[in-house]
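Beneath this line is the structure, given in C-alpha cells, with notes to follow.
The values are calculated or read from the model by the stated rules, or taken from the named source; none is laboratory data. Keep in mind that what you see is a predicted model, and the values were worked out from it rather than measured. Please note: Cβ atoms are built from the backbone with ideal geometry, for glycine as well, and neighbour counts cover all protein chains shown. Surface areas here come from the heavy atoms of the whole protein model, side chains and all, with no ligands, DNA or RNA. Shrake-Rupley method; radii C 1.70, N 1.55, O 1.52, S 1.80 Å.
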Amino acid sequence: IQIASAIAEDTRRRVRAEIVAAGAEAMGARRQLEVLDRQLAAWREFLRLTEARAREGEVAPLEADLLRVELARQEAQRVLAQAKLDRARAGLERLVPPELKPLTLKDRVATGQLLVSESDLRDRALTERPDLRAARLATQQANAQVRLALAGRTPDLVGSISYRREISAFENVLGTGQMLRDRDNLLAFGLSVPLPFRDRNQGNIQAAAAAERASRLEAATLEAEVVRDVTASFAAYRAAERASRILETEVVVPAQRNLEVIREAYRLGQLRLLDVLNEQRKILDLN
C-alpha cells in the first residue's frame, strides 16, 4: 500500500511539472507575440512616414518598398508566433481537467533569488522525492521476501490425527448358522516430515536474494540520479538567471536605444535604410 501511494504521489508530481513547463512555454510564446505586436506597430508607423517622404521626394520609393517587404516578413513571423501560442495552449489544456477551462495565462516571473541552497535542495529531494521513497520501500519489501524464503529452509512438521469406527459381520460362523458382528474403534496419530531435511527452498532463496540485490541497486541508482538532477537543474537555473539579467540590463535596453539613434540618423540622411533594418532584426532576436 505504501509503495502504491508513493507511486501515485510521484505521478502527481510529474503532472504538476508538466503543467508548469507547458504554462511556461505558453507564456513565452505569448511574450514573443507581444514583442512582435509592438514592433509591428512601430514599423507600420515608420512605413507610413517613409511613404509620405517618398511622395514628397525626400527619399527614394525603393525604401518604402523595402519597408513593406520587412513588414510582411514580420507579419509572417507573427503568424508563426500565434500558431506557437495556440499549440502551447492546446498542450496546456490537455493536462488540465475540463472543469477548470477556460484557461487564463498569468505571468509568474521568478524573482531570481532562491531562498535555499543547492545542498538544501539536494537533501530535500533525497528525503521527499516520492519515486525514491517507492524504490526504498521496494527494497524493504525485497528484504522481507528474502526472510520469507530463508524461513522456508526449515522443514514443516505436520501432525495428524484420525478416528474411525469399523463394523464387520460374518454369517454362518462354523456352520452354526449364527451371525457374528465385530465392532472396532480406531484412533490413529501421525507425524510427517518432508524430505530432504537440508538445503530446502534453495531456488526461492537465490531468486529472492537476486531480486533484493536488484532492488537495492535500483534504489542506489535512482538516488544518484536525483542528486545529478538537482545539481543540473540548480546550475541551469542560475545560468538562466544570469543570462536573463545580462540580456535585460546590458543588451536589450542599450540595443533599443541604439535603434532609436540609428532611426534618427536615417531620418537625417546619415545612414541607409538597410542599417535600420539590420538593427531592427537584431532587436527582434534579442527580445
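Looking at 126, 194, 33, which one has the Cα that reaches farthest to the positive end of the dipole of the chain (charges on Cβ: Lys, Arg +1; Asp, Glu -1)?
Value: 194.
Against the longest principal axis of the chain, how steep is helix 202-246, in degrees 0 to 90 to the nearest 10, with axes from Cα atoms?
10 degrees
Along each of its three principal axes, how wide is the spread of alpha-carbon positions in region 208-287, in whole angstrom units, largest first?
Projected onto its principal axes, the Cα set of region 208-287 covers 85, 21, 10 Å.
With a 1.4 Å probe and every protein chain kept in, tell me what percent of the accessible surface of region 1-99 is carbon plus sulfur.
Answer for region 1-99 is 58 percent, counting heavy atoms of protein chains only.
For an R0 of 51 angstrom, estimate the FRET efficiency from the Cβ-Cβ distance between residue 248 and residue 200 and round to the nearest 0.05.
The pair residue 248/residue 200 has a calculated efficiency of 0.10.
For residue 134, what is the net charge nearby, where nearby means another residue's Cβ is under 15 Å from its Cβ and Lys, Arg count +1, Asp, Glu -1?
0
Mind jotting down a quarter of the surface of the convex hull over the alpha carbons of region 1-112, in square nanometres, one decimal? All intermediate terms of the calculation are to be shown ahead of the outcome.
Details: hull surface 42.7 nm².
Its average projected convex-hull area is 10.7 nm².
Summing Lys, Arg as +1 and Asp, Glu as -1, what charge do residues with Cβ under 14 Å from the Cβ of residue 86 carry, residue 86 excluded?
+4
In a Debye calculation with equal point scatterers on the alpha-carbon sites of region 1-46 and no solvent, what is log10 I(q)/I(0) at q = 0.19, 0.25, 0.27 Å⁻¹?
-0.68, -0.82, -0.87
What net charge is computed for the residues neighbouring residue 144, neighbours being all others with C-beta under 14 Å from the C-beta of residue 144, Lys and Arg scored +1, Asp and Glu -1?
Summing Lys and Arg as +1 and Asp and Glu as -1 gives +2.
Just name one of 91, 205, 162: the one whose Cα is farthest towards the positive end of the charge dipole of the chain (beta-carbon charges, Lys/Arg +1, Asp/Glu -1).
After comparing all options, I get 162.
Which order do peptides 131-137, 60-66 fall in by mean Cβ count within 10 Å, highest first? Intermediate values should be presented prior to the final figure.
Working: 131-137: 19.1, 60-66: 15.1.
Answer by packing, highest mean first, reads 131-137, 60-66.
Can you give me the Rg/Rh ratio for the chain, using Cα atoms for both radii and the Kirkwood formula for Rh?
Rg/Rh: 1.47.
May I ask you to give the solvent-accessible area per residue for the chain, in square angstrom, as obtained with a 1.4 angstrom probe?
69 Å²
Which value in nm describes the separation of the simple spin-label points at residue 182 and residue 216, placed 7 Å from the Cα toward the beta carbon?
6.6 nm
Show me, for region 156-165, the HN-Hα J-couplings you get by feeding each phi into the Karplus relation (A = 6.51, B = -1.76, C = 1.60, θ = phi - 60°), rounded to Hz, glycine and proline as x.
3J(HN,Hα) across region 156-165, in whole Hz: 8, 7, 10, x, 8, 9, 9, 9, 8, 10.
Mind checking the angle between helix 273-286 and the chain's longest principal axis? C-alpha axes, 0 to 90 degrees, to the nearest 10.
The two axes meet at around 20 degrees.
Identify, among 249, 239, 69, the residue whose Cα sits farthest towards the positive end of the charge dipole of the chain, taking +1 on the Cβ of Lys and Arg and -1 on the Cβ of Asp and Glu, with the dipole about the Cα centre.
239
If you line up the long axis of helix 118-128 against the longest principal axis of the chain, both from Cα atoms, how many degrees apart are they, to the nearest 10?
40 degrees
With no solvent and one point per C-alpha, what does the Debye sum give as log10 I(q)/I(0) for region 116-156 at q = 0.32 Å⁻¹?
Result of the Debye calculation: -0.96.
How large is the charge dipole for region 195-287, taken about the Cα centre, if only the Cβ atoms of Lys, Arg (+1) and Asp, Glu (-1) carry charge, to the nearest 20 debye? Numbers along the way, then the final one.
Working: 14 positive and 14 negative charges, 19 e Å.
Dipole size: approximately 100 debye.
Starting from the Cα-Cα distance between residue 256 and residue 150, subtract it from 0.36 nm times their residue separation and give me the gain in nm to one decimal.
30.6 nm
Counting helices only, and only those DSSP H runs with n ≥ 4, report the 222 nm mean residue ellipticity of the chain as the sum of -39,500 (n - 2.57) divided by its residues, in deg cm²/dmol to the nearest 500.
After summing the helix terms and dividing by residue count, I get -24500 deg cm²/dmol.
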